[in-house]
Structure formats: C-alpha cells, structure tokens
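Asks: One structure coming up, written as structure tokens, with questions to follow.
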Amino acid sequence: MRGLFALVVALGVGCGGARSEEPVVGASTGRPSERPIELTLRRAGGEWLHLGDLRGRPVILFVFATWDGVSQASLRPLSRFARHYEDVHVVGIAAQPGAEQLVDPYERALAPPFPLTYDPAGDVTNGTSPLGRIPAVPTFIALDARGLIIGRHIGFPNTNTLEGLRDRALSRGGVTTDRSPPPLLAEPLDRDP
C-alpha cells in the first residue's frame with residue numbers, strides 16, 4: 001500500500017499544469033533513444049495496440065490519469081490536434097493504478113478522437129517501460145516514424161507545443177503530406193475601414 005501511495009504522490013506532484021520539456025533520453029541510458037519503442041497496450045474493449053504497428057507515421061503518446069484535471073483539460077487541444085493532423089497517430093495511455101477499470105468509462109464520457117489505452121503489466125505507471133520514468137501527468141511523448149523518442153512535454157499543451165512535437169517528428173524521418181492543412185486557429189477577419 002505504501003508503494004501505491006508513493007506512486008500517486010509522484011504522479012500528482014507535477015500535474016499542476018507546469019510546462020516543461022525534458023531532454024530526449026532513453027528509458028535507462030540517459031542518452032537519446034537509439035531503439036524503436038516497443039510497447040503493447042490494451043484498449044478497454046480488450047483489443048491490443050502495438051506501437052510497432054504504428055511505424056511509418058509519427059506518434060504522440062498522451063500519458064494521463066483519469067483523476068487528473070490537467071489531463072482532462074488537455075483533451076480539448078489534443079483532440080483538436082488529432083482531428084487536424086491525420087499524418088500523426090495519437091494514443092492515450094492511462095498511467096495509474098486500476099486503469100483497466102477506468103479507461104472505458106472515461107473514454108465513453110469524453111469521446112476523444114483517438115484510442116485510450118493502458119499498460120496491463122503496469123510498466124508505464126511504474127516507470128519501467130521503454131518510455132522511462134513519467135515524472136508527472138499529463139506527459140506528451142513524441143515518436144518519429146521509426147518509433148524513436150524525439151521529444152517530451154510535461155503539463156498542459158498549447159497549440160504550438162503539439163505542432164512543435166509533430167514538426168520535430170516529421171523532420172526526423174516522418175512522412176510528409178502533399179496538402180497543407182489549414183491553421184488550427186482561425187485567421188483574423190479582414191475588416192473594411
């Protein structure tokens with residue numbers, strides 16, 4: 001029980017919305033990610049999602065907790081981003097005890113346009129997965145098209161944060177699209193004097 005309390009405290013310490021970017025490091029080496037991330041996640045309905053199956057396009061991992069208000073608030077800009085940029089896979093990962101029981105009602109209530117998953121082994125929550133230690137929720141982890149970690153952001157994202165992670169992933173070997181999507185925010189209206 002003491003370990004569970006320590007985990008909840010550790011996850012909750014940084015969830016107040018502070019924005020920061022961590023250096024890009026591998027799970028245990030302290031050096032940039034050199035191997036593609038291999039992680040098998042589970043959906044609430046029982047389907048498996050293998051990150052290796054998403055290779056060929058960049059991936060934004062949204063590591064969240066269902067009880068965290070900043071994680072819930074982050075769903076709005078992240079959902080807008082996911083709808084706007086179809087050249088990027090977005091995957092939510094619940095990093096909390098009991099995630100297998102909470103992901104389904106959370107997903108049904110909030111209906112994000114991307115899959116919400118959990119790690120049945122608990123390695124993401126414990127910090128022993130290939131993603132490394134998750135110091136706070138929400139954490140956004142960007143993978144390039146090869147599956148290498150190329151960036152992280154902790155806290156509430158703004159439009160530029162998510163687009164910046166996408167741009168870094170694309171510049172590191174991601175696919176490109178011929179069409180340029182319209183801006184996320186509407187252009188100012190031209191007004192006659």
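Asks: So which residues in segment 84-143 are crowded, with 22+ Cβ neighbours inside 10 Å, under 11 Å from the mean Cα position of the chain (by Cα) and aromatic (Phe, Trp, Tyr), if there are any at all?
Replies: Within segment 84-143, just PHE140 meets the criteria.
Asks: From (1) within 20 Å of PRO36 (Cα to Cα); (2) modelled with pLDDT under 95; (3) among the charged types (D, E, K, R), pick out the condition that doesn't hold for ARG152.
Replies: It is condition (2) that ARG152 fails.
Asks: Please pick out the residue among GLY147, GLY151 that is assigned to a strand (DSSP E or B), farther than 13 Å from GLY92 by Cβ and in contact (Cβ under 8 Å) with a residue 24 or more places away in the chain.
Replies: One residue alone meets the criteria, GLY151.
Asks: Take segment 159-186 and flag every residue that is modelled with pLDDT of 70 or more and of a type outside the set (D, E, K, R).
Replies: The answer is THR159, ASN160, THR161, LEU162, GLY164, LEU165, ALA169, LEU170, SER171, GLY173.
Asks: Consider segment 66-114. How many of its residues are assigned to a helix (DSSP H, G or I) and in contact (Cβ under 8 Å) with a residue 60 or more places away in the chain?
Replies: Of the residues in that region, 12 qualify.
Asks: Are any of the residues in segment 124-136 of a type in the set (Ser, Thr, Tyr) and more than 23 Å from TRP48 (Cβ to Cβ)?
Replies: No: segment 124-136 contains no residue that is of a type in the set (Ser, Thr, Tyr) and more than 23 Å from TRP48 (Cβ to Cβ).
Asks: Further question: Of all residues being of a type in the set (A, V, I, L, M, F, W, C), at pLDDT 90 or above and assigned to a loop (DSSP other than H, G, I, E, B) in segment 15-63, which is nearest to ARG152 (Cα to Cα)? Just the residue, please.
Replies: Here the residue is ILE37.
Asks: Checking the conditions here, which among ARG83, ARG166, ARG133 is of a type in the set (Lys, Arg) and under 21 Å from GLU34 (Cβ atoms)?
Replies: Unique residue meeting the criteria: ARG133.
Asks: Next question. Let me confirm something: among LEU11, LEU4, which residue is at pLDDT below 50, surrounded by fewer than 20 Cβ atoms within 10 Å (Cβ to Cβ) and not in a loop (DSSP other than H, G, I, E, B)?
Replies: Checking each option against the conditions leaves just LEU4.
Asks: Another question about this same structure. All but one of (1) in a helix (DSSP H, G or I); (2) under 25 Å from GLY164 (Cβ atoms) hold for THR117; state the number of the condition that does not hold.
Replies: It is condition (1) that THR117 fails.
Asks: To continue, here is another question. Among the residues of segment 148-160, what is the count of those that are surrounded by 21 or more Cβ atoms within 10 Å (Cβ to Cβ) and out of contact with any Ser or Thr (no Cβ under 8 Å at 6 or more places or on another chain)?
Replies: 1
The values are calculated or read from the model by the stated rules, or taken from the named source; none is laboratory data. All values derive from a computational prediction rather than experimental measurement. All Cβ positions, even for glycine, are placed from backbone atoms using ideal geometry, and neighbour counts span all protein chains on display.
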